[in-house]
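Q: After the structure tokens below, expect a handful of questions from me.
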Amino acid sequence: MRILLTNDDGIQSKGIVVLAEYLSEKYEVFVVAPDTERSGTGHSITIHVPLWMKKVFIKEGIVAYATTGTPADCVKLGYNVVMKRNVDLVISGINKGPNLGMDILYSGTVSGALEGAMLGIPSLAVSSASFDAPDFEGAARFLVEFLEEFDFSLLEPFTALNINIPTGEIKGWKITRQSKRRWNDFFEERVSPFGERYYWMTGEVLEDDEREDVDYKVVREGYVSVTPISPFLTNERCYVVLKEVYPGCTG
Ligand code: MN
């Protein structure tokens, strides 16, 4: 199996290096990842400046390139240029910190996997769900087992899995829904040495989802959360309601 590995923390981050080493024991691994951290860049792509790609060394037997692009750029480059459109699986991670609820729209890690799904390739976004004390070794060990166990033929086309792995003892894994977990933003106002005001975003997390099978609750209970996600943002229920009310409006 030929695996394309990317991330948003940068090619030198521990999460991607550990995962590349674990995967290379069993699979052909091609790493194409940003040269510096691109967390929070979502699904952005580079179209106004060229993309540079430099061969780097991770370990004997692993092909690896650092690029000046975003995670989505890296998957496009990896698929088209490095692996010549011969990719069996895309993995994005292991991210330092969780990717839960609405955060996945900002996440470069998740967008790397969604880019793979858009290319028609089974894809995984993988995060260690602790920002302060991530466990990349534990997450990598889990993922290697998960790859053996999971039946990828069950995935619809254009579907990725968003996987969040708790630290400490892992009780098992559960299929979940993306939660409503989101942020109430605050802006700290500060003043520069030149008397100009600037703002620093902080906030508090809102975890008020009433459903049981949602990503953050399952992770908190010590299970790995596995959420099937897709790039399609149409709200199907609302579509049905609106279509009924406005069956043939031509304006
Ligand atoms: Mn990140």
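Q: Just to be sure I understand the filter: pairs with C-beta atoms under 8 Å, separated by 6 or more residues or on different chains, first member in region 9-28 and farther than 14 Å from GLY138 by Cα, second member acidic (Asp, Glu) and crowded, with 17+ Cβ neighbours inside 10 Å. Which pairs pass?
A: Filtered contacts from region 9-28: GLY10/ASP35; ILE11/ASP35.
Q: While we're on this one: Residue under question is ALA64, and the condition is that it be within 15 Å of the chain's Cα centre (by Cα), closer than 28 Å to PHE158 by Cβ and assigned to a strand (DSSP E or B); does it hold? Spell out how you get there, then give the answer.
A: Working: within 15 Å of the chain's Cα centre (by Cα): no; closer than 28 Å to PHE158 by Cβ: yes; assigned to a strand (DSSP E or B): yes.
Spelling it out, it is not the case that ALA64 is within 15 Å of the chain's Cα centre (by Cα), closer than 28 Å to PHE158 by Cβ and assigned to a strand (DSSP E or B).
Q: So in region 68-77, with the set limited to residues that are within 16 Å of the ligand (Cβ to nearest atom) and not hydrophobic (A, V, I, L, M, F, W, C), which one is farthest from the chain's Cα centre (by Cα)? Write out each step before concluding.
A: Our first condition is that a residue be within 16 Å of the ligand (Cβ to nearest atom); within region 68-77, this holds for 69-75.
Narrowing the set further to residues that are not hydrophobic (A, V, I, L, M, F, W, C) leaves 69-71, 73.
Values: GLY69: 15, THR70: 12, PRO71: 9, ASP73: 14 Å.
In this case the residue turns out to be GLY69.
Q: Also, I was wondering about something else. Regarding PHE187, is this residue among the aromatic types (Phe, Trp, Tyr) and surrounded by 10 or more Cβ atoms within 10 Å (Cβ to Cβ)?
A: Numbers: among the aromatic types (Phe, Trp, Tyr): yes; surrounded by 10 or more Cβ atoms within 10 Å (Cβ to Cβ): yes.
So PHE187 passes the test.
Okay, residues lined up against (1) buried (at least 24 other Cβ atoms within 10 Å of the Cβ); (2) out of contact with any Cys (no Cβ under 8 Å at 6 or more places or on another chain); (3) of a type in the set (A, V, I, L, M); (4) modelled with pLDDT under 95:
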{"site": "MET83", "(1), (2), (3), (4)": "no, yes, yes, no"}
{"site": "ASN95", "(1), (2), (3), (4)": "yes, yes, no, no"}
{"site": "GLY120", "(1), (2), (3), (4)": "no, yes, no, no"}
{"site": "VAL126", "(1), (2), (3), (4)": "yes, yes, yes, no"}
{"site": "SER130", "(1), (2), (3), (4)": "no, yes, no, no"}
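Q: Of all residues in region 7-49, which are part of a helix (DSSP H, G or I) and away from the ligand (no atom under 11 Å from the Cβ)?
A: Taking region 7-49 and keeping what is part of a helix (DSSP H, G or I), we get 14-24.
Once the filter is applied, which keeps residues that are part of a helix (DSSP H, G or I) and away from the ligand (no atom under 11 Å from the Cβ), region 7-49 yields LYS14, VAL17, VAL18, LEU19, ALA20, GLU21, TYR22, LEU23, SER24.
Q: Then there is this: Of all residues being away from the ligand (no atom under 13 Å from the Cβ) and touching a Ser or Thr at 6+ places or on another chain (Cβ under 6 Å) in region 78-109, which is nearest to ALA160 (Cα to Cα)? Just the residue, please.
A: Looking at residues that are away from the ligand (no atom under 13 Å from the Cβ) and touching a Ser or Thr at 6+ places or on another chain (Cβ under 6 Å), I get VAL90.
Q: Would it be correct to say that ARG197 is modelled with pLDDT of 95 or more, closer than 15 Å to ILE104 by Cα, surrounded by fewer than 20 Cβ atoms within 10 Å (Cβ to Cβ) and of a type outside the set (Asp, Glu)? Before the answer, list the steps.
A: Working: modelled with pLDDT of 95 or more: yes; closer than 15 Å to ILE104 by Cα: no; surrounded by fewer than 20 Cβ atoms within 10 Å (Cβ to Cβ): yes; of a type outside the set (Asp, Glu): yes.
No: the conditions fail for ARG197.
Q: Which is away from the ligand (no atom under 16 Å from the Cβ) and assigned to a helix (DSSP H, G or I), of GLY120, GLY112, GLY138? Give the derivation first.
A: Details: GLY120 fails: assigned to a helix (DSSP H, G or I); GLY112 fails: away from the ligand (no atom under 16 Å from the Cβ).
None of the other options fit; the residue is GLY138.
The values are calculated or read from the model by the stated rules, or taken from the named source; none is laboratory data. The structure presented is a predicted model; accordingly, all values stated were derived computationally and were not measured. Methodologically, a virtual Cβ is constructed for each residue, glycine included, from the backbone with ideal geometry; neighbour enumeration extends over all protein chains shown.
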